[in-house]
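*Asks:* Sharing a structure, written as structure tokens. Questions coming.
The values are calculated or read from the model by the stated rules, or taken from the named source; none is laboratory data. If you're wondering where the values come from, they're calculated on a predicted model, not measured in any experiment. A quick note on method: Cβ atoms are made from the backbone with ideal geometry, for glycine too, and the neighbour counts reach across all protein chains shown. Accessible surface is based on the protein model in full, side chains and every heavy atom, while ligands, DNA and RNA are left aside. Shrake-Rupley method; radii C 1.70, N 1.55, O 1.52, S 1.80 Å.
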Amino acid sequence: MAHLSSSLLLLFLLLFFSLNLLQTAIARGGQRLHSGFVDERYAASGRHLSEETEENHFQKLNTLAHGYMTNSDIEKAIKAFHGRCGRISRVYSIGKSVLGVPLWAMEISNNPGKEEAKPAFKFIGNVHGDEPVGRELLLLLANWLCDNYMKDPLATLIVDNVHLHILPSMNPDGFSLRRRGNANNVDLNRDFPDQFFPMNNDLDERQPETKAIMRWIRSIRFTASASLHGGALVANYPWDGTEDKSKSYYACPDDEAFRYMAKLYSGSHINMSHSNEFEAGITNGAHWYPIYGGMQDWNYIYGGCFELTLEISDNKWPPANELRSIWQFNKKSMLNLVASLVKSGIHGRIFSSDCGEPLSASIAIKGINYTIKARESLADYHRLLAPGHQYEVVATMPGYKTRSTTILMREEAMMVDFILEPDVTQADSFLPSRCSSRNYFHIMDVISKPQLQISLTLLLVLAFLYFLMKRKAIVNHFKARRAKGQRRGSAV
Ligand SMILES: *[C@@H]1O[C@H](CO)[C@@H](O)[C@H](O)[C@H]1NC(C)=O
Ligand SMILES: *[C@@H]1O[C@H](CO)[C@@H](O)[C@H](O)[C@H]1NC(C)=O
Ligand SMILES: [Zn+2]
């Protein structure tokens, strides 16, 4: 009993201060070469260029490559970044290319490598070997975040509230060969399992770069991501393929959320939204032209991850002296896209009412045929939603009563926690022994120890203030907060 009351008190304190912390956080608040259905895995070799033209093409790109980082320069730059910014970063490899080049990734976070109840975002560059702008921009992005953490509010917001993973080059072999495909001349953006056409679903045929990405998506719970391409200027969103292979708009269940994300990118870009070709600088993939086996659709279907395919420069391989300005054109877009995981969507955690145990429940939105699952360990979930609508959020977990709540999504993030009651009609699976004492301590994960200390200090300061200040002053304080438009979290 004493156990219970002390943990209830702890729960109350943590809830109170996690709300506070969350509110503060909020306040800081491919190239498509061809039209039509073309399996470009084969198209790459079927371009009917004469040997001489291909050789010329290689020479041209080789000349253009002056001023671009080589694969070993990229590795050095990643390690130098980590050397400079070790406190907020981690460097790791997700696998190797066909020719054995490590696929280096950086994680940027104030707690790199630690599992926390925060959303994760990933950027992938250089999917196509001859589209090298992304890999340069991603290193500029990493270094900018490092240089501006604790100085710029957006940098701080991202580092403190998101686990940002960056893979500058998915296709280092293609880069050094100056061509689209990898060393086996496979187009990696056609090499993923496809929802309609299992033409390349033989795992043994899958390329090592693709396999590495698939393992990565399964090991890290990404909420959203973007891959960077060149050859056009547009933000592309799912679906990329249609069931009947027609070139037509094919909306995925989260079409609205994707349009919101894509518009956030194009609207923050210097001129992507002024496109003559694409309305508002965004496009549904299949509407542009369908592809199959793409990375974007696979992320959404199998990874629970909302991925955009960003075409960031009309010129696939511009002279290196243009990279700085292309970075400036895309910088705000890239930052805003990552920050959207903190500034929009719904977020929360799910606990059982009997033990306070975190539950890896499913979260769905009524009317949208798409379900995400809360993380196994911490039971946090993060879901993007287009603002301006009312949504019914439904939490389900076998053995528990389903709960739902209706929210009005505005232009800011919402915190919605769920506390699920065991379904007593299925009582046999709910013996009291289910609530092992170990479960009480999961709640400690909500807030890390330093934050807990800050919270306790805050508690003392607040108690002191309470006695010092007049009641009215406190009322005014809350009025002012409300005026700033911050939303209180809620538990349902
Ligand atoms: C955007 O600006 C770049 C650089 O000035 C230019 O090359 C490109 O054509 C512009 N695109 C649009 C859609 O205005
Ligand atoms: C929901 O999506 C699944 C595929 O994820 C599909 O099999 C099912 O038919 C869809 N249900 C409805 C009602 O559209
Ligand atoms: Zn591409």
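*Asks:* Could you tell me whether any residue of the range 305-320 is at pLDDT 95 or above, part of a strand (DSSP E or B) and more than 16 Å from ligand 3 (Cβ to nearest atom)? Walk me through it before giving the result.
*Replies:* Taking the range 305-320 first, the residues at pLDDT 95 or above are 305-320.
Next cut, part of a strand (DSSP E or B) only: 306-313.
Cutting the leftovers down to more than 16 Å from ligand 3 (Cβ to nearest atom) gives us 306.
Checked against the condition, which is being at pLDDT 95 or above, part of a strand (DSSP E or B) and more than 16 Å from ligand 3 (Cβ to nearest atom), the range 305-320 yields at least one hit.
*Asks:* Search the range 353-372 for residues being surrounded by fewer than 17 Cβ atoms within 10 Å (Cβ to Cβ) and of a type outside the set (V, I, T), and hand back the single one that is nearest to ligand 2 (Cβ to nearest atom).
*Replies:* N369
*Asks:* Also: Within the range 284-311, restricting attention to residues that are open to solvent by 10 Å² or more (accessible area, probe 1.4 Å) and under 16 Å from G241 (Cα atoms), which residue is farthest from ligand 1 (Cβ to nearest atom)?
*Replies:* So the residue we want is Y302.
*Asks:* Do you know which residues across the range 233-262 are open to solvent by less than 10 Å² (accessible area, probe 1.4 Å) and either among the hydroxyl-bearing types (S, T, Y) or assigned to a strand (DSSP E or B) (or both)? Give the steps one after another, and end with the answer.
*Replies:* At the first step, the residues of the range 233-262 found to be open to solvent by less than 10 Å² (accessible area, probe 1.4 Å) are 234-238, 240-242, 252, 254, 257-258, 261-262.
Those that are open to solvent by less than 10 Å² (accessible area, probe 1.4 Å) and either among the hydroxyl-bearing types (S, T, Y) or assigned to a strand (DSSP E or B) (or both): V234, A235, N236, Y237, T242.
*Asks:* Shifting gears a bit: Please verify whether the range 272-295 includes one or more residues that are in a loop (DSSP other than H, G, I, E, B), hydrophobic (A, V, I, L, M, F, W, C) and at pLDDT 95 or above.
*Replies:* To start, the set of residues in the range 272-295 that are in a loop (DSSP other than H, G, I, E, B) comprises 275-278, 289-294.
In the following step, the residues that additionally are hydrophobic (A, V, I, L, M, F, W, C) were identified as 278, 291.
If we keep only those that are at pLDDT 95 or above too, we end up with 278.
Among the residues of the range 272-295, at least one is in a loop (DSSP other than H, G, I, E, B), hydrophobic (A, V, I, L, M, F, W, C) and at pLDDT 95 or above, which makes the answer yes.
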